[in-house]
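Here the structure comes first, spelled out in structure tokens, and everything after it is commentary.
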Amino acid sequence: VLPLPELAHAALRVTCLARPEAVETGPDGPGLILRLEPLPDGAARRLIGELIGGAGLQEDVRERVLESAAGVPLFVEELLAFLVEDGLVHQAPDGRWVGRGSLADFTIPPTIDALLAGRLDRLEVRQRTLLEDGAVEGQLFHLGAVVTLAAETADQATSLLDDLTRRELVQSAAPSFFDETAYSFRHILIRDAGYRSLPKRTRGE
């Protein structure tokens, strides 16, 4: 295999995404490194405002979300969805989103993986089965595949996928095949959570 510079016929800029431990310093150094730092509190507050809508989020609930998410945008999004779906946060008549009682004693999942697994656990059986079957195909999956795997009709599967879309777990996507309907997981970690929830024997089948 030839080194990249020997294959290039023009000046190149190579952009790579890597964890800190994967950055190897060659003889010329790693080049320019831009570190993705946690969101500052101000930016995280703005993100919550964009996500929640209405007249905003009750202050003590917002502070609990900020503290638990520790500047990770996906954790902010998924934690808010988790709280709303679980009925722990609801929209009051004045438009504000408020907690049902105190959230001080509520145990928030410690990692994004645990949080996503918790959201999937709250799905109806048929919704979860469809999501898991989609995860077998990959980040992008097709209606035809999940209809076959889940033994649902196309209309039934479409309705269930519409529910998963409203929950912002999946979204419509461009298909890889002619005359097909495709979806993608909203984030690769959601796909991974769905795939990991399947027993190994089921994955193999």
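Some observations on this one:
- Normalised contact order of the stretch 78-146, rounded percent, pairs of Cα under 8 Å and 6 or more residues apart: 19
- Antiparallel DSSP beta bridges within the chain, as percent of all bridges there, nearest 5: 90
- Rounded to the nearest 500, the helix-only mean residue ellipticity at 222 nm of the chain stands at -14000 deg cm²/dmol, with each DSSP H run of n ≥ 4 adding -39,500 (n - 2.57).
- Approximating the spin labels as points 7 Å out from Cα along Cα→Cβ, the Glu59-to-Ser172 distance works out to 4.3 nm.
- Rounded if a/c under 1.5, otherwise prolate or oblate - the stretch 39-81, Cα gyration tensor axes: rounded
- Label of the coordinate-derived value, Cα extents along the principal axes in Å, listed as (i) 65, 47, 31; (ii) 48, 45, 39; (iii) 58, 34, 32: (i)
- Potential lengthening between Arg19 and Arg100 on full extension [0.36 nm per residue; Cα-Cα distance subtracted]: 25.3 nm
- Selected from Thr153, Thr181, Thr15 as most flexible by GNM, with the chain as the system and alpha-carbon contacts under 10 Å: Thr15
- Candidates Ala55, Ala182, Ala18, ranked by Gaussian network fluctuation over the chain, Cα under 10 Å, top entry: Ala18
- Using the Cβ-Cβ distance between Leu88 and Leu12 with R0 set to 35 Å, the FRET efficiency from 1/(1 + (r/R0)^6) comes to roughly 0.10.
- Cα centroid of the stretch 138-205 to Cα centroid of the stretch 54-92, whole Å: 27
- Cα-projected label distance for Thr107 with Leu34, points at 7 Å along beta-carbon direction, nm: 4.0
None of the figures in this text is laboratory data; all of them are computed from the coordinates on show. Just so it is clear, the model here is predicted, and its values are computed rather than measured. Using ideal geometry, Cβ is built from the backbone for each residue, glycine included, and neighbour counts are taken over all protein chains shown.
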